[in-house]
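The values are calculated or read from the model by the stated rules, or taken from the named source; none is laboratory data. Worth saying up front: this structure is predicted, and the values here are computed from it rather than measured. Cβ atoms come from the backbone with ideal geometry, glycine included; neighbour counts cover every protein chain shown. To get the accessible areas, we keep the full protein, side chains included, count just its heavy atoms, and leave off ligands, DNA and RNA. Shrake-Rupley method; radii C 1.70, N 1.55, O 1.52, S 1.80 Å.
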Amino acid sequence: MVAPQQFTDFIDQNADRFIQRLGEAIAIPSISGDASRRGDVFKMADWLEGQLNKYGVKTEKIPLGKQQIEGQTLDLPPAILGRIGDDPKKKTILLYGHFDVQPADKSDGWDHEPFQMHYDKASGKIFGRGSTDDKGPILGWLNVLDAHHTLKLDLPVNLRFCFEGMEESGSEGLDELIASEAAKKEQGWFAGVDAVCISDNYWLNTRTPCLTYGLRGIAYYQLNISGPGADLHSGIYGGSVFEPMTALITLMGKLVTQDGRILIPGVYDGIQAADANELKKYEDLDYSIDDLESAAGGKIANSAERSTVLMGRMRNPSLSLHGIEGAYSGAGAKTVIPASVNGKFSLRLVPPQTPEDITKKVIAYVESEFAKLNTRLNMKIEYLHGGKPWVADPSHWNFEAAKKATEAVYLQTPNYTREGGSIPVTLTFADNLGVNIMLLPMGRADDGAHSTNEKLDASNFIKGSKLLGTYLYEVGEITKS
Ligand code: BES
Ligand code: MN
Ligand code: MN
């Protein structure tokens with residue numbers, strides 16, 4: 001282990017305090033997608049900036065402009081940029097994370113209040129919204145800074161930080177900030193960055209750490225069907241009018257088959273089939289159908305073939321139907337014809353798909369299918385947000401350092417994964433900085449990001465903090481050799 005014993009001992013000795021600090025962060029309901037919580041996203045930015053400053057990180061909160069949401073104009077939460085260390089002999093690593101979270105309400109089915117940390121000592125699980133996505137990992141970096149500051153240890157690398165508060169809502173404003181900082185070259189916050197590390201994803205199972213070299217992109221759509229001036233009584237109007245829900249369900253039913261084949265013409269254009277080399281990579285992963293089904297909480301794998309299931313998540317596009325806004329969803333048997341309904345769906349994208357190209361195909365297809373319905377209803381299809389897919393070179397020194405760190409902390413060789421989820425800003429960093437990016441997750445497959453009872457295992461939080469620190473030392477070693 002190249003990290004000093006003092007550092008890893010400090011992490012162990014301060015574990016309880018670190019968990020309490022995670023509790024403080026969870027208690028700020030920084031939900032970026034809920035206009036009424038915007039103040040809490042700002043509060044979370046202040047809290048995080050205060051923590052960074054305590055450990056000597058120089059920071060600046062960058063305003064990102066305004067946003068239209070739920071019919072209001074709101075200030076976007078700031079991004080926090082930071083720096084510590086300026087030694088030209090050391091490598092400079094940029095860390096990214098997000099301090100906003102998904103919505104959560106106890107009534108969704110949580111066993112405890114989502115915004116009060118519940119630490120179950122018996123199972124070692126830390127429950128709370130944001131525990132794994134992405135407050136735990138951000139606090140892992142704080143733990144590393146805390147240790148070095150308190151022990152008066154020099155950091156083995158120069159660090160730069162980019163933390164945002166809009167990731168769960170499409171990272172509004174951040175692309176422009178990154179591009180403008182990158183364009184400032186030596187004068188910008190990202191001057192001299194040699195590589196990027198992002199801790200914002202999960203292991204493939206519950207036992208094997210992983211390094212991630214790819215993410216799918218995303219393209220999110222809203223399909224609106226309207227017609228009547230108001231909700232109607234189905235006894236009075238049913239049978240004499242075109243109904244928006246019927247049209248919407250028909251169209252949504254034409255997007256994807258039950259076994260996951262996307263029906264939009266041209267969506268698969270340019271996607272290479274996996275060659276023998278790539279297939280072998282899926283064979284090598286420590287993963288089983290059981291891992292998938294126990295994390296998902298149901299026997300629902302769409303194939304009995306391990307590699308088919310893995311490729312479905314890692315290297316193929318997918319289309320999911322998310323919900324219908326405006327449809328009747330209460331209890332009981334209301335006899336209503338909803339006047340206007342919004343169907344939500346998104347595609348996960350893989351190279352060479354781009355949101356721009358896919359959007360053209362989606363719109364053309366939905367328009368032609370709607371025309372075939374021959375109704376007198378109105379249809380509007382809107383692209384809400386998206387991001388391009390990303391794949392990196394896993395043989396780069398950045399990955400080598402993380403591999404060594406994983407072996408030192410976990411005594412295991414990591415899985416190398418591509419993720420099905422999306423962090424759109426990853427490709428923005430890659431395009432603007434031209435450096436290698438590595439994803440080094442802290443949490444496990446069953447953490448339940450975005451779900452009820454989201455958790456982070458205390459052991460992942462504590463060992464994960466050692467892992468993040470040890471990775472920096474391994475990067476430091478490379479510079480010396
Ligand atoms: N941490 C996730 C990204 C992620 C999800 C990585 C699943 C690995 C597996 C991130 O916070 C997230 O939820 N991203 C959104 C992005 C979207 C809102 C643009 C996603 O993937 O849905
Ligand atoms: Mn996340
Ligand atoms: Mn998320």
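One table, with the values for the structure above:
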item	result
Residue list for the stretch 76-133, filter: charged (D, E, K, R), free of Cβ contacts under 8 Å to residues at least 60 places away in the same chain and touching a strand residue (DSSP E or B) at 6+ places or on another chain (Cβ under 9 Å)	ASP120
Of all residues in the stretch 142-173 being within 16 Å of ligand 2 (Cβ to nearest atom) and acidic (Asp, Glu), the one that is surrounded by the most Cβ atoms within 10 Å (Cβ to Cβ)	GLU164
Failed criterion for ASP291 (all others in (1) among the acidic types (Asp, Glu); (2) closer than 20 Å to GLU419 by Cβ; (3) surrounded by fewer than 17 Cβ atoms within 10 Å (Cβ to Cβ) hold)	(3)
Whichever residue in the stretch 231-260 is loosely packed, with under 11 Cβ neighbours inside 10 Å and within 30 Å of TYR416 (Cα to Cα) and, among such residues, is modelled with the highest pLDDT	GLN258
Residue within the stretch 342-357 that is assigned to a helix (DSSP H, G or I) and within 14 Å of ligand 1 (Cβ to nearest atom) present	yes
Filtered residues of the stretch 182-230 (kept if part of a loop (DSSP other than H, G, I, E, B), among the small types (Gly, Ala, Ser) and open to solvent by less than 30 Å² (accessible area, probe 1.4 Å))	GLY188, ALA191, SER199
Pair list, Cβ under 6 Å, 6 or more apart: the stretch 398-411 residue touching a residue at least 60 places away in the same chain (Cβ under 8 Å) and at positive phi, other residue open to solvent by less than 20 Å² (accessible area, probe 1.4 Å) and not in a helix (DSSP H, G or I)	none
Per-region count, the stretch 437-461, residues part of a loop (DSSP other than H, G, I, E, B) and either at pLDDT below 95 or within 14 Å of ligand 3 (Cβ to nearest atom) (or both)	8
Selected residue (criterion: most open to solvent (accessible area, probe 1.4 Å)) from residues of the stretch 316-344 that are within 25 Å of LYS388 (Cβ to Cβ) and hydroxyl-bearing (Ser, Thr, Tyr)	SER320
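The rows are residues; the columns are (1) open to solvent by less than 30 Å² (accessible area, probe 1.4 Å); (2) among the aliphatic types (A, V, I, L, M); (3) modelled with pLDDT under 95.
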| position | (1), (2), (3) |
| --- | --- |
| THR8 | yes, no, no |
| ASP16 | no, no, no |
| ALA27 | no, yes, no |
| SER30 | yes, no, no |
| SER36 | no, no, no |
| ASP46 | no, no, no |
| GLY56 | no, no, no |
| GLU70 | no, no, yes |
